Amino acid sequence: MALVSTGALVLQTFPYSETSKVLRLYTGDFGLRSVIAKGALRPRSRFGGLLEPFTEGTASFYLRPGRDLHTLGGWDLVRSRQALGRSLSAFAGASLLAELVLRAGTEDPHPEVYAALAASWDDIAAAATPAEAERVVLTGAWTLVALLGFEPQTDACVVCGRPVPSGEPVRFDAGAGGVACIRCRPVGRLLDPATRADVARMARGHVPTAALVRPGAHRALLRAFLEAQLAHDRPFRSLELFLEHAPAADETA
(Lines give C-alpha, C1' and ligand atoms only; values in the text may rest on other atoms or scores of the structure.)
Protein backbone atom coordinates (compact mmCIF):
# COMPACT_ATOMS: atom_id res chain seq x y z
CA MET A 1 0.00 0.00 0.00
CA ALA A 2 1.42 3.36 -1.09
CA LEU A 3 0.21 6.92 -0.60
CA VAL A 4 -0.03 8.52 -4.04
CA SER A 5 -0.95 12.03 -5.11
CA THR A 6 -2.47 12.97 -8.45
CA GLY A 7 -4.80 15.40 -10.18
CA ALA A 8 -8.36 14.14 -10.05
CA LEU A 9 -11.81 14.92 -11.45
CA VAL A 10 -14.87 13.84 -9.47
CA LEU A 11 -17.20 11.96 -11.81
CA GLN A 12 -19.70 10.56 -9.32
CA THR A 13 -20.33 10.34 -5.58
CA PHE A 14 -22.63 8.26 -3.41
CA PRO A 15 -23.00 7.59 0.32
CA TYR A 16 -21.16 4.58 1.67
CA SER A 17 -22.48 4.76 5.21
CA GLU A 18 -23.97 7.37 7.49
CA THR A 19 -20.64 9.20 7.62
CA SER A 20 -18.62 8.29 4.51
CA LYS A 21 -18.96 8.53 0.76
CA VAL A 22 -17.45 6.82 -2.26
CA LEU A 23 -16.03 8.86 -5.10
CA ARG A 24 -15.52 7.78 -8.66
CA LEU A 25 -12.49 9.74 -9.85
CA TYR A 26 -10.73 10.15 -13.14
CA THR A 27 -7.11 10.78 -12.25
CA GLY A 28 -4.19 12.07 -14.24
CA ASP A 29 -1.80 9.29 -13.25
CA PHE A 30 -4.00 6.31 -12.39
CA GLY A 31 -6.98 6.59 -14.70
CA LEU A 32 -10.41 5.65 -13.37
CA ARG A 33 -10.40 4.91 -9.63
CA SER A 34 -12.83 4.54 -6.75
CA VAL A 35 -11.93 5.95 -3.33
CA ILE A 36 -13.71 6.10 -0.01
CA ALA A 37 -13.71 9.43 1.83
CA LYS A 38 -14.16 8.37 5.44
CA GLY A 39 -16.13 10.83 7.54
CA ALA A 40 -16.92 13.06 4.55
CA LEU A 41 -20.60 13.28 5.52
CA ARG A 42 -19.93 14.42 9.06
CA PRO A 43 -20.87 18.07 9.72
CA ARG A 44 -17.30 19.03 10.61
CA SER A 45 -15.54 16.88 8.05
CA ARG A 46 -12.22 18.21 6.77
CA PHE A 47 -13.54 17.57 3.27
CA GLY A 48 -16.53 19.85 3.84
CA GLY A 49 -18.49 20.30 0.61
CA LEU A 50 -15.43 19.86 -1.60
CA LEU A 51 -16.12 16.35 -2.86
CA GLU A 52 -18.93 16.93 -5.34
CA PRO A 53 -19.32 15.99 -9.01
CA PHE A 54 -17.29 18.08 -11.48
CA THR A 55 -14.87 19.21 -8.75
CA GLU A 56 -11.17 19.09 -9.62
CA GLY A 57 -8.41 18.73 -7.09
CA THR A 58 -5.23 16.99 -6.05
CA ALA A 59 -6.19 13.71 -4.46
CA SER A 60 -3.96 11.78 -2.09
CA PHE A 61 -5.06 8.19 -1.54
CA TYR A 62 -3.70 4.89 -0.38
CA LEU A 63 -3.37 2.77 -3.51
CA ARG A 64 -3.93 -0.89 -2.77
CA PRO A 65 -2.83 -3.16 -5.65
CA GLY A 66 -5.57 -5.55 -6.68
CA ARG A 67 -8.26 -3.63 -4.79
CA ASP A 68 -11.22 -1.79 -6.31
CA LEU A 69 -11.65 0.71 -3.48
CA HIS A 70 -8.89 2.89 -2.09
CA THR A 71 -8.86 5.23 0.92
CA LEU A 72 -8.76 8.97 0.35
CA GLY A 73 -6.17 10.61 2.57
CA GLY A 74 -6.40 14.23 1.43
CA TRP A 75 -7.92 16.59 -1.12
CA ASP A 76 -6.59 19.97 -2.24
CA LEU A 77 -9.21 21.87 -4.20
CA VAL A 78 -8.25 23.23 -7.61
CA ARG A 79 -11.66 24.10 -9.09
CA SER A 80 -15.20 23.53 -7.83
CA ARG A 81 -17.20 24.32 -11.00
CA GLN A 82 -20.26 25.24 -8.96
CA ALA A 83 -21.70 27.04 -11.99
CA LEU A 84 -22.50 23.66 -13.54
CA GLY A 85 -25.06 23.04 -10.83
CA ARG A 86 -26.98 26.26 -11.43
CA SER A 87 -28.44 25.21 -14.77
CA LEU A 88 -30.20 21.90 -15.32
CA SER A 89 -29.09 21.76 -18.97
CA ALA A 90 -25.45 22.46 -18.03
CA PHE A 91 -25.62 19.88 -15.25
CA ALA A 92 -27.09 17.31 -17.66
CA GLY A 93 -24.40 17.95 -20.26
CA ALA A 94 -21.55 17.79 -17.76
CA SER A 95 -23.05 14.60 -16.30
CA LEU A 96 -23.21 13.01 -19.74
CA LEU A 97 -19.48 13.58 -20.25
CA ALA A 98 -18.75 12.16 -16.80
CA GLU A 99 -20.90 9.10 -17.54
CA LEU A 100 -19.03 8.53 -20.81
CA VAL A 101 -15.72 8.36 -18.96
CA LEU A 102 -17.26 6.12 -16.29
CA ARG A 103 -18.46 3.71 -18.98
CA ALA A 104 -15.37 3.58 -21.19
CA GLY A 105 -12.47 4.75 -19.02
CA THR A 106 -9.92 2.35 -17.58
CA GLU A 107 -7.28 2.39 -14.86
CA ASP A 108 -4.62 3.16 -17.46
CA PRO A 109 -3.59 6.84 -17.43
CA HIS A 110 -4.87 8.85 -20.38
CA PRO A 111 -3.87 12.52 -20.02
CA GLU A 112 -5.78 13.52 -23.16
CA VAL A 113 -9.05 12.23 -21.70
CA TYR A 114 -8.39 14.07 -18.43
CA ALA A 115 -7.62 17.33 -20.26
CA ALA A 116 -10.59 17.04 -22.63
CA LEU A 117 -13.06 16.38 -19.82
CA ALA A 118 -11.77 19.21 -17.63
CA ALA A 119 -11.75 21.68 -20.54
CA SER A 120 -15.27 20.69 -21.62
CA TRP A 121 -16.62 21.19 -18.11
CA ASP A 122 -15.01 24.64 -17.98
CA ASP A 123 -16.41 25.58 -21.40
CA ILE A 124 -19.93 24.41 -20.50
CA ALA A 125 -19.83 26.57 -17.37
CA ALA A 126 -18.60 29.57 -19.39
CA ALA A 127 -21.07 29.22 -22.29
CA ALA A 128 -23.06 32.39 -22.91
CA THR A 129 -26.17 30.71 -24.37
CA PRO A 130 -27.89 27.32 -24.16
CA ALA A 131 -27.03 26.69 -27.82
CA GLU A 132 -23.35 27.36 -27.20
CA ALA A 133 -23.39 25.04 -24.19
CA GLU A 134 -25.01 22.33 -26.30
CA ARG A 135 -22.26 22.64 -28.94
CA VAL A 136 -19.65 22.29 -26.22
CA VAL A 137 -21.36 19.18 -24.82
CA LEU A 138 -21.70 17.57 -28.25
CA THR A 139 -18.07 18.32 -29.02
CA GLY A 140 -16.94 17.03 -25.64
CA ALA A 141 -18.92 13.82 -26.13
CA TRP A 142 -17.52 13.09 -29.61
CA THR A 143 -14.00 14.02 -28.48
CA LEU A 144 -14.15 11.66 -25.53
CA VAL A 145 -15.68 8.92 -27.67
CA ALA A 146 -12.73 9.24 -30.05
CA LEU A 147 -10.07 9.40 -27.32
CA LEU A 148 -11.56 6.36 -25.59
CA GLY A 149 -11.22 4.31 -28.77
CA PHE A 150 -14.68 4.54 -30.34
CA GLU A 151 -14.23 7.30 -32.93
CA PRO A 152 -16.86 7.03 -35.68
CA GLN A 153 -15.53 6.52 -39.18
CA THR A 154 -16.66 9.52 -41.21
CA ASP A 155 -14.36 9.65 -44.23
CA ALA A 156 -14.88 6.19 -45.75
CA CYS A 157 -17.70 3.67 -46.04
CA VAL A 158 -17.68 1.19 -43.14
CA VAL A 159 -18.92 -1.54 -45.50
CA CYS A 160 -16.86 -1.29 -48.71
CA GLY A 161 -14.07 1.00 -47.50
CA ARG A 162 -14.49 3.48 -50.36
CA PRO A 163 -13.39 7.04 -49.44
CA VAL A 164 -16.48 9.23 -49.39
CA PRO A 165 -16.14 12.71 -50.96
CA SER A 166 -16.92 15.57 -48.59
CA GLY A 167 -20.03 16.64 -50.50
CA GLU A 168 -21.62 13.21 -50.79
CA PRO A 169 -24.63 12.32 -48.61
CA VAL A 170 -24.22 9.05 -46.72
CA ARG A 171 -26.07 6.80 -44.31
CA PHE A 172 -25.11 6.71 -40.65
CA ASP A 173 -24.67 3.13 -39.44
CA ALA A 174 -24.33 3.43 -35.66
CA GLY A 175 -23.96 -0.29 -35.16
CA ALA A 176 -21.10 -0.52 -37.65
CA GLY A 177 -19.43 2.55 -36.17
CA GLY A 178 -19.63 5.17 -38.88
CA VAL A 179 -20.90 6.21 -42.29
CA ALA A 180 -21.87 3.97 -45.18
CA CYS A 181 -22.30 4.93 -48.81
CA ILE A 182 -25.81 4.79 -50.16
CA ARG A 183 -24.89 1.96 -52.52
CA CYS A 184 -24.02 -0.24 -49.53
CA ARG A 185 -26.86 1.00 -47.32
CA PRO A 186 -29.84 1.83 -49.57
CA VAL A 187 -32.02 2.54 -46.53
CA GLY A 188 -31.34 4.06 -43.13
CA ARG A 189 -30.58 7.39 -41.48
CA LEU A 190 -29.38 9.87 -44.12
CA LEU A 191 -26.48 12.07 -43.05
CA ASP A 192 -25.96 15.35 -44.92
CA PRO A 193 -22.41 16.55 -45.74
CA ALA A 194 -22.45 19.53 -43.36
CA THR A 195 -23.50 17.49 -40.33
CA ARG A 196 -20.97 14.78 -41.18
CA ALA A 197 -18.21 17.39 -41.37
CA ASP A 198 -19.28 18.83 -38.01
CA VAL A 199 -19.12 15.40 -36.35
CA ALA A 200 -15.64 14.78 -37.78
CA ARG A 201 -14.39 18.12 -36.45
CA MET A 202 -16.02 17.60 -33.05
CA ALA A 203 -14.33 14.21 -32.70
CA ARG A 204 -11.03 16.07 -33.03
CA GLY A 205 -11.94 18.57 -30.33
CA HIS A 206 -13.07 21.53 -32.45
CA VAL A 207 -16.19 23.24 -31.09
CA PRO A 208 -18.33 24.74 -33.89
CA THR A 209 -18.30 28.53 -33.59
CA ALA A 210 -21.54 29.00 -35.52
CA ALA A 211 -24.99 27.66 -34.76
CA LEU A 212 -25.56 24.09 -35.89
CA VAL A 213 -27.71 23.91 -39.01
CA ARG A 214 -29.50 20.77 -37.81
CA PRO A 215 -29.07 20.51 -34.02
CA GLY A 216 -31.78 17.87 -33.80
CA ALA A 217 -29.86 15.66 -36.21
CA HIS A 218 -26.73 16.00 -34.07
CA ARG A 219 -28.63 14.91 -30.96
CA ALA A 220 -30.10 11.93 -32.77
CA LEU A 221 -26.70 10.87 -34.12
CA LEU A 222 -25.05 11.00 -30.71
CA ARG A 223 -27.90 9.10 -29.12
CA ALA A 224 -27.87 6.38 -31.78
CA PHE A 225 -24.10 6.00 -31.58
CA LEU A 226 -23.91 5.80 -27.79
CA GLU A 227 -26.77 3.32 -27.64
CA ALA A 228 -25.16 1.11 -30.29
CA GLN A 229 -21.54 1.30 -29.17
CA LEU A 230 -21.42 1.99 -25.43
CA ALA A 231 -24.78 1.45 -23.74
CA HIS A 232 -24.62 -2.38 -23.66
CA ASP A 233 -28.26 -2.61 -22.52
CA ARG A 234 -27.62 0.02 -19.83
CA PRO A 235 -29.09 3.31 -21.08
CA PHE A 236 -27.17 6.51 -20.41
CA ARG A 237 -29.35 8.18 -17.79
CA SER A 238 -27.70 11.56 -18.25
CA LEU A 239 -28.21 11.40 -22.03
CA GLU A 240 -31.98 11.40 -21.58
CA LEU A 241 -31.74 14.39 -19.22
CA PHE A 242 -29.48 16.22 -21.68
CA LEU A 243 -31.87 15.63 -24.59
CA GLU A 244 -34.87 16.59 -22.48
CA HIS A 245 -33.33 19.99 -21.77
CA ALA A 246 -32.02 20.69 -25.27
CA PRO A 247 -32.36 24.36 -26.34
CA ALA A 248 -35.72 25.41 -27.71
CA ALA A 249 -35.99 26.50 -31.34
CA ASP A 250 -35.58 30.18 -30.46
CA GLU A 251 -32.43 29.46 -28.41
CA THR A 252 -30.43 27.69 -31.12
CA ALA A 253 -29.21 30.72 -33.03
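The values are calculated or read from the model by the stated rules, or taken from the named source; none is laboratory data. In this text, all values refer to a predicted model and were calculated from it rather than measured experimentally. Note: ideal-geometry Cβ built from the backbone for every residue, glycine included; neighbour counts use all protein chains shown.
Residues are listed down the side, and each one gets a yes or a no for (1) closer than 27 Å to Glu240 by Cβ; (2) basic (Lys, Arg); (3) buried (at least 23 other Cβ atoms within 10 Å of the Cβ):
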| position | (1), (2), (3) |
| --- | --- |
| Arg103 | yes, yes, no |
| Tyr114 | yes, no, yes |
| Gln153 | yes, no, no |
| Val179 | yes, no, yes |
| Asp198 | yes, no, yes |
| His206 | yes, no, no |
>> If I filter region 212-220 for residues that are aliphatic (A, V, I, L, M), under 24 Å from Pro169 (Cβ atoms), in the same structural domain as Pro169 (by TED's automatic domain parsing) and surrounded by 18 or more Cβ atoms within 10 Å (Cβ to Cβ), do I get at least one hit?
In response: yes
>> Which numbered condition in (1) part of a strand (DSSP E or B); (2) closer than 19 Å to Arg67 by Cα; (3) at pLDDT 95 or above is the only one that Asp29 fails?
In response: (1)
> Does Phe225 satisfy being on the phi < 0 side of the Ramachandran plot and under 14 Å from the mean Cα position of the chain (by Cα)?
Replying inline: yes
> Just checking, how many residues over region 159-192 are in a loop (DSSP other than H, G, I, E, B), hydrophobic (A, V, I, L, M, F, W, C), touching a residue at least 24 places away in the same chain (Cβ under 8 Å) and over 30 Å from Ala115 (Cα atoms)?
Replying inline: 4
>> I'd like to verify a number: residues in region 55-79 that are modelled with pLDDT under 95 and not in a strand (DSSP E or B), how many?
In response: 5
> Looking at (1) part of a strand (DSSP E or B); (2) modelled with pLDDT of 95 or more, which is the only condition Phe14 fails?
Replying inline: (2)
>> Phe61 - would you say it is touching a strand residue (DSSP E or B) at 6+ places or on another chain (Cβ under 6 Å) and exposed (fewer than 15 other Cβ atoms within 10 Å of the Cβ)?
In response: no
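Every residue, every condition in (1) part of a helix (DSSP H, G or I); (2) in contact with a helix residue (DSSP H, G or I) (Cβ under 9 Å, 6 or more places away or on another chain); (3) among the hydrophobic types (A, V, I, L, M, F, W, C), yes or no:
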position	(1), (2), (3)
Leu84	yes, yes, yes
Leu96	yes, yes, yes
Glu99	yes, yes, no
Ala115	yes, no, yes
Val136	yes, yes, yes
Val145	yes, yes, yes
> Restricting the search to region 1-55, which residues are among the aliphatic types (A, V, I, L, M), within 20 Å of Leu102 (Cβ to Cβ) and surrounded by fewer than 16 Cβ atoms within 10 Å (Cβ to Cβ)?
Replying inline: none
> Does Asp108 qualify as being in contact (Cβ under 8 Å) with a residue 12 or more places away in the chain and closer than 19 Å to Met1 by Cα?
Replying inline: yes
>> Quick check on region 138-155. Is at least one of its residues over 17 Å from Leu100 (Cβ atoms) and either small (Gly, Ala, Ser) or not assigned by TED's automatic domain parsing to the domain that holds His232 (or both)?
In response: no
> For region 235-253, what are the residues that are modelled with pLDDT of 90 or more and either more than 21 Å from Ala174 (Cβ to Cβ) or within 16 Å of the chain's Cα centre (by Cα) (or both)?
Replying inline: Pro235, Phe236, Arg237, Ser238, Leu239, Glu240, Leu241, Phe242, Leu243, His245
